[in-house]
1. Checking residue 186 against (1) without any contact (Cβ under 8 Å) to a residue 60 or more places away in the chain; (2) buried (at least 16 other Cβ atoms within 10 Å of the Cβ); (3) in contact with a strand residue (DSSP E or B) (Cβ under 6 Å, 6 or more places away or on another chain); (4) not in a loop (DSSP other than H, G, I, E, B), which test does it fail?
2. Of the residues 134, 162, which single one is closer than 26 Å to residue 68 by Cα, in contact with a helix residue (DSSP H, G or I) (Cβ under 6 Å, 6 or more places away or on another chain) and either without any contact (Cβ under 8 Å) to a residue 24 or more places away in the chain or part of a helix (DSSP H, G or I) (or both)?
3. Does residue 75 fit the bill of being touching a strand residue (DSSP E or B) at 6+ places or on another chain (Cβ under 6 Å) and assigned to a helix (DSSP H, G or I)?
4. Which of the residues belonging to the range 189-208 are without any contact (Cβ under 8 Å) to a residue 60 or more places away in the chain and assigned to a helix (DSSP H, G or I)?
5. When you go through 170, 174, 122 one by one, which is the residue that is touching a residue at least 60 places away in the same chain (Cβ under 8 Å), under 28 Å from residue 12 (Cβ atoms) and not in a strand (DSSP E or B)?
């Protein structure tokens with residue numbers, strides 16, 4: 001991984017993240033965070049909803065860092081996870097049909113198949129439309145969501161995992177895929193704390 005390189009999300013995904021944060025903390029809250037991040041240009045002026053690769057990992061990571069600065073580590077974590085859940089809601093509207101998650105044949109699959117296939121469909125979306133790189137592995141009954149080039153912690157250094165928005169997004173995706181069941185979703189490795197990748201473990205057996 002080259003920390004000096006510049007990688008991007010499409011504007012549409014950047015807007016989804018900002019819209020999701022605004023839904024959670026309000027317009028004044030998101031404007032305060034953008035001001036801390038030095039992105040006053042985005043205040044009341046979110047990116048257009050297009051596929052241009054123009055929303056940099058640097059910007060997204062710094063915005064998430066300033067969220068924790070504004071609300072504290074615990075508050076920032078909770079907000080990020082809630083925003084991740086909202087981001088899935090927006091994302092499924094934008095991309096669900098495109099990646100096959102809205103098809104009747106998919107919805108009728110057994111839960112275990114939907115989790116594996118849904119996870120791969122989301123990974124493929126990121127791999128094909130963004131500079132983020134995601135791979136999927138199965139290990140000891142868990143599905144591992146491995147982010148090899150992560151925009152949420154890009155250039156950051158922390159003692160604990162910080163990719164809480166991704167955790168929230170995966171939580172909501174599992175809730176949606178399963179028709180309302182709750183799953184254990186935990187980030188165990190994070191580049192921000194010196195690991196080689198960001199790994200989120202998903203227990204494929206629901207808690208409830």
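1. Single failed check for residue 186: (2).
2. Testing whether each residue is closer than 26 Å to residue 68 by Cα, in contact with a helix residue (DSSP H, G or I) (Cβ under 6 Å, 6 or more places away or on another chain) and either without any contact (Cβ under 8 Å) to a residue 24 or more places away in the chain or part of a helix (DSSP H, G or I) (or both) leaves just 134.
3. no
4. Selection gives 192, 193.
5. 170
Matching residues to (1) crowded, with 19+ Cβ neighbours inside 10 Å; (2) modelled with pLDDT under 95; (3) within 29 Å of residue 196 (Cβ to Cβ); (4) touching a helix residue (DSSP H, G or I) at 6+ places or on another chain (Cβ under 6 Å):
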{"site": "2", "(1), (2), (3), (4)": "no, yes, yes, no"}
{"site": "8", "(1), (2), (3), (4)": "yes, no, yes, no"}
{"site": "14", "(1), (2), (3), (4)": "yes, no, yes, no"}
{"site": "34", "(1), (2), (3), (4)": "yes, no, no, yes"}
{"site": "47", "(1), (2), (3), (4)": "yes, no, no, yes"}
{"site": "52", "(1), (2), (3), (4)": "no, no, no, yes"}
{"site": "60", "(1), (2), (3), (4)": "yes, no, yes, no"}
{"site": "65", "(1), (2), (3), (4)": "yes, no, yes, no"}
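The values are calculated or read from the model by the stated rules, or taken from the named source; none is laboratory data. Since the structure is predicted, the reported quantities are computational estimates derived from the model, not experimental observations. All Cβ positions, even for glycine, are placed from backbone atoms using ideal geometry, and neighbour counts span all protein chains on display.
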